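The values are calculated or read from the model by the stated rules, or taken from the named source; none is laboratory data. Note that the coordinates shown come from a computational prediction; the quantities given were computed from them, not determined experimentally. Quick reminder, even Gly has a Cβ in these numbers, built from the backbone with ideal geometry, and neighbours come from all protein chains shown. Each accessible area value is taken on the protein alone, full model and side chains, heavy atoms only, with ligands, DNA and RNA left out. Shrake-Rupley method; radii C 1.70, N 1.55, O 1.52, S 1.80 Å.
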Amino acid sequence: MRPGGKKKLKPVVNETPQSREPIHGRGASWSPANRFEKLHVDLTDVDVVDTDPDQEEKPRRATQYFRDDTKTIIARNQSPDVGFEASINPYRGCEHGCIYCFARPTHEYLGFSAGLDFESRIMVKPDAPRLLEAELSSPKWKPQLLMMSGVTDCYQPVERKLRITRSCLEVIAKFRNPVGILTKNRLVTRDIDILSELARHNAVVVNLSVTTLDPKLQRILEPRTSPPAARLDAVAQLRAANIPVGVMVAPVIPGINDHEIPAIVSACAKAGAQFAGHVLLRLPWAVAPLFEHWLDEHFPERKAKVLERVRATRGGEKLYDSRWRKRQTGEGIFAEQIATMFEVSCRRARLGERPKLSIAAFQRPTEQLKLL
């Protein structure tokens, strides 16, 4: 039992990956057991699926979309190290397929796996704009920063068609509530018209996550995200439109992309980024075995070194430390080296502080109509 009487959950099935080769266009190549379920079937297991085990490439896992009939859209957290208390997630799960995504285990609450399911079974919230307008209209809502998104990318591929994120931004612009956006997709530039309107009221900031400048690494690390050049282009377009824009070098993976920090910061600054942040690799729950298997598939010769460095940033024994603040930055000599390299790179690039957004322009259109 954990302190406070909470039961510590452990996976019932302690299994090894059934997959042997990476799947083109996917970050994960298998579905580890859901830690909440007693029975688990891995649909990539050749003993379960009717496929030829000798074929060179596995059959593609098609992406499926499911309706999420949630009754509320603003999620709240009390984490002291994330910089916001309220967030909007138009989707659950993310087709971008970033192998390292700390949000993968949230899919287990839906009865899915943190592996392939997270990136191929996407929950969609078509009622999000209506719910958001209702919540912002309520006298109970106190104007504050809304983050898009907390556990998914609000500009993942299906957003191009469904436009749920854009509709939510239209609502936010109507209320002039401050909003922060974090994405790996150039699709954010589609909404420059709305973001520019919010920027006039000092009510928006956009963060592009740039993990690497190497398109080959990007394709296996974050398979369905925008290429590095496209993200730099997004930074340039946003800056040209006078929209506050910065970058997140996240996650920093020792032995994989940590050496790129100076180049990433420099390239982003030249593109127009005004500020930057970084986050160390986080491997909670099923993300750890997924990441280890990814190393087996793509960097077997580096696996031991990478995991050794990761453990060194987490106290020397574990692959992850969930303590507040420590989970974002780690500790030890390698974590300190990463932090120092990042700080020096930002100084050389003359990047400033993240802008503080204002709630001064917030308005409730319904209240204004009553006054008329």
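Quick notes
- Total residues in region 200-221 satisfying the condition of being assigned to a helix (DSSP H, G or I) and surrounded by fewer than 20 Cβ atoms within 10 Å (Cβ to Cβ): the figure is 5.
- Residue in region 163-175 that is open to solvent by 10 Å² or more (accessible area, probe 1.4 Å), farther than 19 Å from T70 by Cα and under 17 Å from the mean Cα position of the chain (by Cα) present: no
- Taking region 71-180 as the region of interest, the strands (runs of 3 or more DSSP E) fully inside it that hold 1 or more residues being hydroxyl-bearing (S, T, Y) and modelled with pLDDT of 95 or more are 86-88.
- Of all residues in region 124-138, those that are of a type in the set (A, V, I, L, M) have Cβ atoms under 7 Å from Cβ atoms of residues that are assigned to a helix (DSSP H, G or I) and modelled with pLDDT of 95 or more, 6 or more apart or on another chain, in V124/L162; A128/I164; A128/C168; L132/C168; L132/V171; L136/V171; L136/F175.
- Applying the condition of being without any contact (Cβ under 8 Å) to a residue 60 or more places away in the chain and more than 19 Å from A199 (Cβ to Cβ) to region 242-263 and asking which residue is most open to solvent (accessible area, probe 1.4 Å) yields H259.
- Of the residues making up region 183-196, those that are of a type outside the set (S, T, Y), closer than 22 Å to V151 by Cα and either assigned to a helix (DSSP H, G or I) or touching a Gly at 6+ places or on another chain (Cβ under 9 Å) (or both) are R186, L187, V188, R190, D191, L195.
- Condition met for R364 (within 23 Å of E135 (Cα to Cα), out of contact with any Lys or Arg (no Cβ under 6 Å at 6 or more places or on another chain), charged (D, E, K, R) and crowded, with 17+ Cβ neighbours inside 10 Å): yes
- Summed over region 84-120, residues that are over 13 Å from the mean Cα position of the chain (by Cα), surrounded by fewer than 21 Cβ atoms within 10 Å (Cβ to Cβ) and not hydroxyl-bearing (S, T, Y) total 5.
- Out of E56, E21, sole residue that is surrounded by fewer than 16 Cβ atoms within 10 Å (Cβ to Cβ) and modelled with pLDDT of 55 or more: E21
- Residue match in region 271-282 (condition: assigned to a helix (DSSP H, G or I) and either open to solvent by 10 Å² or more (accessible area, probe 1.4 Å) or among the aromatic types (F, W, Y) (or both)): yes
- Residue count, region 317-347 (criterion: open to solvent by less than 60 Å² (accessible area, probe 1.4 Å), charged (D, E, K, R) and over 29 Å from Q274 (Cα atoms)): 1
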